[in-house]
2 protein chains.
Amino acid sequence: MTALRVAVLASGSGTNLQAILDNVHGRDGIEVVGVLSDRRDSHALERAAKAGVEAAAFDLRPGQPGEAFPGDRRARDSAMAAWLVEREVGLVVLAGYMQVLDPLFLDHFPHAVINVHPSLLPAFPGLDAIGQAVAYGVRVFGVTVHFVDEGVDSGPVILQRSIELASPRSSEHVHDLLRPIEHELLTDVVKLIAAGRVSFDPSFPRRVVITAPA
Amino acid sequence: MTALRVAVLASGSGTNLQAILDNVHGRDGIEVVGVLSDRRDSHALERAAKAGVEAAAFDLRPGQPGEAFPGDRRARDSAMAAWLVEREVGLVVLAGYMQVLDPLFLDHFPHAVINVHPSLLPAFPGLDAIGQAVAYGVRVFGVTVHFVDEGVDSGPVILQRSIELASPRSSEHVHDLLRPIEHELLTDVVKLIAAGRVSFDPSFPRRVVITAPA
């Protein structure tokens, strides 16, 4: 069996990346071969280095020559795609990646870009999903891992997990409770994809099919 | 303690009504004092009669004189409100009631009309919520009981309950699984309201507060 070559894109502290490095990297036929960030100062890059995984920043903000793509998202996304194609990446995981990817990027990885989002989509897409949910007054919170399409958090759902909270104290409180669920759900999905257990229903392309273990 | 006088509005077979009659009517300080339907042929009316509860149809479709309000929703809703006010109803429960209530009706019962909806609102409001959720491809389904405002399924959430379904077979399958959750959640909320445990956060009126038992 050839290993599934995974790349992780992260903007922030990289806790979801860390969960992938700790729980799936180097086993179950999964190899994390690259970590990219849109921020030169992302802690995710250090986490990658520590795990011996190649990492690079594709930062739109002006900086050292050769690293930045000032203001040109499309050029940046195109360069990222080239970087990943060169490393024969088979699955791109957005783990707290705060940029919308150019369609040109997605075209390189059909049905092979996934994202983790801290709500039960289609409820509360976009920024500050947890804040939106607390403001709405929901009692059930959750996490979605989905395929990325050209919309914002609108692609086909792979897995979702929920928790009931009779009285959420604050967004931070909910965030603390959802974070371990994000880690668990994301690593579960990477394992399912590596095991070839995730496919699409041809008669109903929004519908992701999870097949039983072989 | 004075009993909470409850009315139930139903359009269909009335299984949620039956759950209320079976599980809360006549105990915990709760008295169902009336059942109304927008359909003369609703099975809910028979269920009410069987339980010795007064019932009436306010049917917009032309029928026997004196019973119908042909085409005039506002007149119908006004007559229903008068019927309920006369019976000193303190809580109106929409249990599979398929009509949008006129604001004039709601004005009679401020913060005292609740509805049960088979989705985790704000996802999938309106008709065929379960069909919408299956078509979207969600993995987490659920039920919401909420206060009714002038929008469609948009009022403040009281309780929600969820179930995870790795592979929902059909809308009917999901519906069969959600029905007992609807019954449970709706009776739970009626009991909480009767116990005086449901209130609003004055600084944040969308937020329903459930207080601990006295």
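The values are calculated or read from the model by the stated rules, or taken from the named source; none is laboratory data. All values reported here derive from a predicted model rather than from experimental measurement. Methodologically, a virtual Cβ is constructed for each residue, glycine included, from the backbone with ideal geometry; neighbour enumeration extends over all protein chains shown. Only protein heavy atoms, including side chains, enter the accessible area calculation; ligands, DNA and RNA are left aside. Shrake-Rupley method; radii C 1.70, N 1.55, O 1.52, S 1.80 Å.
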For this session: Considering every residue within the range B:83-90, establish whether at least one is open to solvent by less than 20 Å² (accessible area, probe 1.4 Å), over 30 Å from A:ASP153 (Cα atoms) and touching a strand residue (DSSP E or B) at 6+ places or on another chain (Cβ under 7 Å).
Result: yes
Seminar exercise, completed: Among (1) closer than 24 Å to A:LEU159 by Cα; (2) touching a Lys or Arg at 6+ places or on another chain (Cβ under 8 Å); (3) in contact (Cβ under 8 Å) with a residue 12 or more places away in the chain, B:ALA135 falls short only on (3)
Seminar exercise, completed: Selection over the range A:160-197 where residues are within 21 Å of B:PHE141 (Cβ to Cβ) and open to solvent by 30 Å² or more (accessible area, probe 1.4 Å) yields a count of 7
Exercise. Is it true that A:VAL113 is of a type in the set (Val, Ile, Thr) and open to solvent by 30 Å² or more (accessible area, probe 1.4 Å)?
Worked result: no
Exercise. Residue check: is B:VAL157 out of contact with any helix residue (DSSP H, G or I) (no Cβ under 8 Å at 6 or more places or on another chain), at the interface with chain A (Cβ under 9 Å from one of its Cβ atoms) and either open to solvent by less than 30 Å² (accessible area, probe 1.4 Å) or at positive phi (or both)?
Worked result: no
For this session: Would you tally the residues in the range A:1-44 being touching a residue at least 60 places away in the same chain (Cβ under 8 Å), in a loop (DSSP other than H, G, I, E, B) and open to solvent by 70 Å² or more (accessible area, probe 1.4 Å)?
Result: 1
Problem set entry | Filter result (in contact (Cβ under 8 Å) with a residue 40 or more places away in the chain, within 9 Å of chain A (Cβ to nearest Cβ) and hydrophobic (A, V, I, L, M, F, W, C)) within the range B:180-214 | B:VAL208, B:ILE210
For this session: Sort out which residues of the range A:123-152 are under 15 Å from the mean Cα position of the chain (by Cα), more than 13 Å from chain B (Cβ to nearest Cβ) and open to solvent by 40 Å² or more (accessible area, probe 1.4 Å), and write them in order of number.
Result: A:LEU127, A:GLU150, A:VAL152
